[in-house]
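Enquirer: I am attaching a structure below and will ask some questions about it afterwards.
Derivation of every value follows stated rules applied to the coordinates shown; laboratory data play no part. None of these values were measured; they are calculated from a predicted model. Counting neighbours? That spans all protein chains shown, and the Cβs are built from the backbone with ideal geometry, glycine included.
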């Protein structure tokens, strides 16, 4: 599947990491890892910025991460106005990498706390689109 189905609004129709959308369709959230130096990436990258290798592999993101930063948006860029308000988050997964994405609307604003445990999960959006979000672990 091509990248144009990813997210609320897609600005890219084709990418070197189109397989990311296929994995979301399978119920998996994945990143890429450089097979040369071990650097992990999310969002997925096709090339390693650390050692410049093109030899990448996919890995599933499982388990829980820890919320390290967040912001609730009340204004949105073009195409996202209908989603307001929503909360974006930065979540630390181990020592290897951080994930950026939305918090589930099931998490009430007053429940959001730095350090809370979250898990990333795929979500289906309207019109056959796919994405991911963070939910309480």
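Enquirer: Looking at the range 83-92, which of its residues are loosely packed, with under 12 Cβ neighbours inside 10 Å and either within 27 Å of residue 18 (Cα to Cα) or without any contact (Cβ under 8 Å) to a residue 12 or more places away in the chain (or both)?
Expert: 84
Enquirer: Here's a follow-up. Just a yes or no: is a residue in the range 116-123 touching a helix residue (DSSP H, G or I) at 6+ places or on another chain (Cβ under 6 Å), surrounded by 12 or more Cβ atoms within 10 Å (Cβ to Cβ) and assigned to a strand (DSSP E or B)?
Expert: The answer is yes; a qualifying residue exists.
Enquirer: Where residues in the range 124-137 are touching a residue at least 40 places away in the same chain (Cβ under 8 Å) and not in a strand (DSSP E or B), which of them is farthest from residue 67 (Cα to Cα)?
Expert: This residue is 128.
Enquirer: Go through the range 65-82 and report how many residues are more than 14 Å from residue 112 (Cα to Cα) and exposed (fewer than 14 other Cβ atoms within 10 Å of the Cβ).
Expert: Result for the range 65-82: 7.
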